[in-house]
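Novice: If you scroll down you'll find the structure; I have some questions about it.
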Amino acid sequence: MNFTTLFSEIKELKLFGRYVTNNHIEPILKEFPDEFKTSVIGKSVKEKPIYAVKIGTGKTKILMWSQMHGNEATTTKALFDLFNFLKLNTQEAIQIKNDYTLLCVPILNPDGAEAYTRVNANEIDLNRDSVNLSQPESKLIKKLFEAFKPDLCYNLHDQRSIFAAGQTRNPATVSFLAPAYNENREINEVRQKAIDIIVGMNEELQKYIPNQIGRFDDSFNINCIGDMFQSLGVSTILFEAGHFQGDYEREETRKYIFIGLLSSLLNSYENVKKEGNFERYLNIPQNKPIFYDIVYRKFKIICNSLNIITNFAAHYKEKLVDNKIVFEAFFTEVGEEIENFGHQEYDGEGGIYSDDSGNVPIINKKADFYLNKNIKFVNGLKKM
């Protein structure tokens, strides 16, 4: 199956970019065919509906949820791409619906989605609330877990652009984790099943984004929902949608999340069980936070007694403006010893840095400046 061609045919075009809320998905949900059983399963702190979509009649039950963190919408887009595939009358789509019963929560945290925040309306990180269950959204996903009794859980998230696949210049476009179920991070049958599935997805994704798959840190934290469900005896997989070169809207990344989701459903558990899978899993390089969005090297700073050649770096901060996400670049580090890579890098070749206030790059200052007074950088980037 050519996943790239398939994706171009089924991509849900009504969803785009980093900002996805109930307002965006509700019109799509209303158009679903009858075999997609859509329901309101609860309410958020601000009384917004939380939707679930149930598809298929198969024996194996998979619970998926996205936007537990409200500002992490890439996997939500990929879920709707998967829904579009499952509407098709192809042999593969029919087989999946016969083999599986999927229960999907596209936006678990609708208040955070609307405000574009990680936390919910009470400023609680829902992925650190699996023990206390202090929030209605946390209680809801636990109640759904207990009622549905899944065989497998997919915990769908985004990760920041800082992560590389190992100690390399390759961004971790997709990362996976089979969460630990105890402090010793041991491997039992439950965790091994998650590992087997991850290895299968990694092998497929390497065909499309070689060396851009990462493995998330598996430190045990029972407050995290994935660790909790794994400890309760249900195989759980963490998906992390990361950065693809130049893709800050994460439209390329959604494609690879879709490929991961679909390939996992097309492979039966028997097909992904192979001797040596644990070693293959460990060979997926662990995420390393070694990227800045932009790095500037060999710029000359002349200010008062300063006259040095130095480096500096910038990160984008995401800001919600008129229902769109705006990326604003701010200086993050200044100094000769910047070892992190930049998704974009500029060589000043010893040219002179200047700006409209002090002529020194200062941490948390907006990245607007000049090189040699005639090359202008606006919002971190060289203006052409």
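The values are calculated or read from the model by the stated rules, or taken from the named source; none is laboratory data. This structure is a prediction, so every number in the text was calculated from the model and none was measured. Ideal geometry is used to build each Cβ from the backbone, glycine not excepted, and the neighbour counts take in all protein chains shown.
Novice: What single numbered condition from (1) over 20 Å from the mean Cα position of the chain (by Cα); (2) over 24 Å from L265 (Cα atoms) fails to hold for R118?
Specialist: With respect to (1) over 20 Å from the mean Cα position of the chain (by Cα); (2) over 24 Å from L265 (Cα atoms), R118 is out only on (1).
Novice: Could you run through segment 322-354 and say how many residues are of a type outside the set (G, A, S), within 15 Å of L306 (Cα to Cα) and modelled with pLDDT of 95 or more?
Specialist: Residues of segment 322-354 of a type outside the set (G, A, S): 322-328, 330-334, 336-341, 343-347, 349, 352-353.
Okay, now just the ones that are also within 15 Å of L306 (Cα to Cα), so 334, 336, 352-353.
Checking which are modelled with pLDDT of 95 or more leaves us with 334, 352-353.
Number satisfying all stated conditions: 3.
Novice: In segment 354-379, what residues are farther than 12 Å from F299 by Cα and under 31 Å from the mean Cα position of the chain (by Cα)? Break it down into steps so the answer makes sense when it comes.
Specialist: Let us first name the residues in segment 354-379 that are farther than 12 Å from F299 by Cα, namely 355-358, 362-368, 373-379.
Residues satisfying the conditions are I362, I363, N364, K365, K366, A367, D368, F377, V378, N379.
Novice: Within segment 323-383, which strands (runs of 3 or more DSSP E) (wholly inside it) include 3 or more residues that are within 26 Å of A165 (Cα to Cα)?
Specialist: Working: elements: 324-334, 341-347, 352-354, 369-371, 375-378.
Passing ranges, in order: 324-334, 341-347.
Novice: Inspect all residues belonging to segment 47-70 and state whether any of them is in contact with a Cys (Cβ under 8 Å, 6 or more places away or on another chain) and surrounded by fewer than 18 Cβ atoms within 10 Å (Cβ to Cβ).
Specialist: yes
Novice: For the subset of segment 1-46 comprising residues that are touching a Gly at 6+ places or on another chain (Cβ under 9 Å) and surrounded by 15 or more Cβ atoms within 10 Å (Cβ to Cβ), which member is farthest from T253 (Cα to Cα)?
Specialist: Restricting attention to segment 1-46, the residues satisfying the condition of being touching a Gly at 6+ places or on another chain (Cβ under 9 Å) are 21, 35, 44.
Filter once more, keeping what is surrounded by 15 or more Cβ atoms within 10 Å (Cβ to Cβ): 21, 44.
Values: T21: 19, S44: 28 Å.
Ranking the qualifying residues of segment 1-46, first place goes to S44.
Novice: Also, quick follow-up: Quick one: would you say L140 is surrounded by fewer than 22 Cβ atoms within 10 Å (Cβ to Cβ), over 30 Å from Y208 (Cβ atoms), of a type in the set (A, V, I, L, M) and assigned by TED's automatic domain parsing to the domain that holds L282? First the steps, then the outcome.
Specialist: Values: surrounded by fewer than 22 Cβ atoms within 10 Å (Cβ to Cβ): yes; over 30 Å from Y208 (Cβ atoms): yes; of a type in the set (A, V, I, L, M): yes; assigned by TED's automatic domain parsing to the domain that holds L282: yes.
Answer is yes for this residue.
Novice: Do we have any residue at all in segment 54-70 that's in the same structural domain as N84 (by TED's automatic domain parsing), basic (K, R) and in contact with a Phe, Trp or Tyr (Cβ under 7 Å, 6 or more places away or on another chain)?
Specialist: Taking segment 54-70 and keeping what is in the same structural domain as N84 (by TED's automatic domain parsing), we get 54-70.
Pick out the ones that are also basic (K, R) and you get 54, 59, 61.
Within this subset, residues satisfying the condition of being in contact with a Phe, Trp or Tyr (Cβ under 7 Å, 6 or more places away or on another chain) are 61.
Yes - at least one qualifying residue is present in segment 54-70.
Novice: Right, something else. Among all residue pairs at least 6 apart or on different chains, which show Cβ distances below 9 Å where the first residue, located in segment 3-16, is over 14 Å from K87 (Cβ atoms) and in the same structural domain as Q206 (by TED's automatic domain parsing) and the second is among the hydrophobic types (A, V, I, L, M, F, W, C) and not in a helix (DSSP H, G or I)?
Specialist: L15/A73
Novice: Go through segment 104-147 and give me each residue that's in contact with a Lys or Arg (Cβ under 6 Å, 6 or more places away or on another chain) and not in a loop (DSSP other than H, G, I, E, B). Before the answer, list the steps.
Specialist: Initially, segment 104-147 is screened for residues in contact with a Lys or Arg (Cβ under 6 Å, 6 or more places away or on another chain), giving 110-111, 121, 133.
Within segment 104-147, P110, D111 qualify.
Novice: Name the residue that is surrounded by the fewest Cβ atoms within 10 Å (Cβ to Cβ), counting only residues in segment 176-201 that are under 18 Å from the mean Cα position of the chain (by Cα) and assigned to a loop (DSSP other than H, G, I, E, B).
Specialist: P179
Novice: Could you pull out the residue among K273, K317, K255 that is within 18 Å of the chain's Cα centre (by Cα) and either at positive phi or assigned by TED's automatic domain parsing to the domain that holds A178 (or both)? Spell out the reasoning first.
Specialist: Numbers: K273 fails: within 18 Å of the chain's Cα centre (by Cα); K317 fails: either at positive phi or assigned by TED's automatic domain parsing to the domain that holds A178 (or both).
Unique residue meeting the criteria: K255.
Novice: Here's something else I'd like to know. Given the condition farther than 30 Å from D293 by Cβ and either crowded, with 20+ Cβ neighbours inside 10 Å or in the same structural domain as R250 (by TED's automatic domain parsing) (or both), answer yes or no: does some residue in segment 104-115 qualify? I'd like the intermediate steps shown before the answer.
Specialist: Initial filter on segment 104-115 (farther than 30 Å from D293 by Cβ): 104-105.
Add one more test, that the residue is either crowded, with 20+ Cβ neighbours inside 10 Å or in the same structural domain as R250 (by TED's automatic domain parsing) (or both), and what stays is 104-105.
Yes: segment 104-115 contains one or more residues that are farther than 30 Å from D293 by Cβ and either crowded, with 20+ Cβ neighbours inside 10 Å or in the same structural domain as R250 (by TED's automatic domain parsing) (or both).
Novice: Go through segment 229-258 and count every residue that is crowded, with 22+ Cβ neighbours inside 10 Å and in a helix (DSSP H, G or I).
Specialist: The number of residues fulfilling the criteria is 8.
Novice: Do the conditions hold for I94, that is, is it more than 23 Å from L232 (Cα to Cα), of a type outside the set (D, E, K, R), assigned by TED's automatic domain parsing to the domain that holds D34 and free of Cβ contacts under 8 Å to residues at least 12 places away in the same chain?
Specialist: Working: more than 23 Å from L232 (Cα to Cα): yes; of a type outside the set (D, E, K, R): yes; assigned by TED's automatic domain parsing to the domain that holds D34: yes; free of Cβ contacts under 8 Å to residues at least 12 places away in the same chain: yes.
Against the criterion (more than 23 Å from L232 (Cα to Cα), of a type outside the set (D, E, K, R), assigned by TED's automatic domain parsing to the domain that holds D34 and free of Cβ contacts under 8 Å to residues at least 12 places away in the same chain), I94 qualifies.
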